[in-house]
1. May I ask you to give the solvent-accessible area per residue for region 73-150, in square angstrom, as obtained with a 1.4 angstrom probe?
2. Mind ranking Val136, Val91 by accessible surface for me, highest first, 1.4 Å probe?
3. Using 0.36 nm per residue, how much length does the chain from Asp51 to Glu148 gain when fully extended, once their Cα-Cα distance is taken away?
4. Based on the Cβ-Cβ distance of Lys131 and Leu98, what FRET efficiency does E = 1/(1 + (r/R0)^6) give at R0 = 22 Å, to the nearest 0.05?
5. Given axes a ≥ b ≥ c from the Cα gyration tensor, I'd like to know whether region 57-161 is rounded (a/c under 1.5), prolate (a/b larger than b/c) or oblate.
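The values are calculated or read from the model by the stated rules, or taken from the named source; none is laboratory data. Computed from a predicted model, the values in this text were never measured in an experiment. When we count neighbours, we look across all protein chains shown, and the Cβ atoms used for this are built from the backbone with ideal geometry, even at glycine. Just the protein is used for accessible areas: all its heavy atoms, side chains included, with ligands, DNA and RNA removed. Shrake-Rupley method; radii C 1.70, N 1.55, O 1.52, S 1.80 Å.
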Amino acid sequence: FRKRFRRLVRADRNSRFDLEESLISETPGLAPDLPSSVLMATILIVEDDEDLQAALSEALEDEGYRVRAAPNGLEALSKLLGDKERPNLIVLDLMMPLMNGWQFLRERIRYPSLSQIPVLVLTASSDARPKQAAAVLRKPIQPLELFEAVRKTMAPSSGVS
């Protein structure tokens, strides 16, 4: 995972994740103190970049989360409506084919059970801030920044702080 995370490109495929060697060597278990309720939480990653989706999935699984993934908003919506178990958090890219993140957010509010799930937006845009997003992270992101944002974004709905 650490090698893959280092070489990943963000959604616009022009800039690379910037991980320092010291961060990688100093963090064998990045969140060993997480409560068990967080460790059992499920996250849906909606990202069209296969490499980024795989790296995010692996990083979050390494932190103890259960992860599901979809390459676009349309497939994510289908998974959400078809599965009995709802995720505790949706990590959403904004720029994707078929149904982008903005369209997904508009469609999501039509379903009360889905509109209650917090959304953490990942974007390369410096000015994108959807009203429905609980939090926004600007790409490129650092792993610790991602983990902290996930914990903070999930905290209100899961009772975990």
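1. 48
2. Listed by decreasing accessible area, they come as Val136, Val91.
3. Using 0.36 nm per residue and subtracting the Cα-Cα distance, I get 32.8 nm.
4. 0.45
5. rounded
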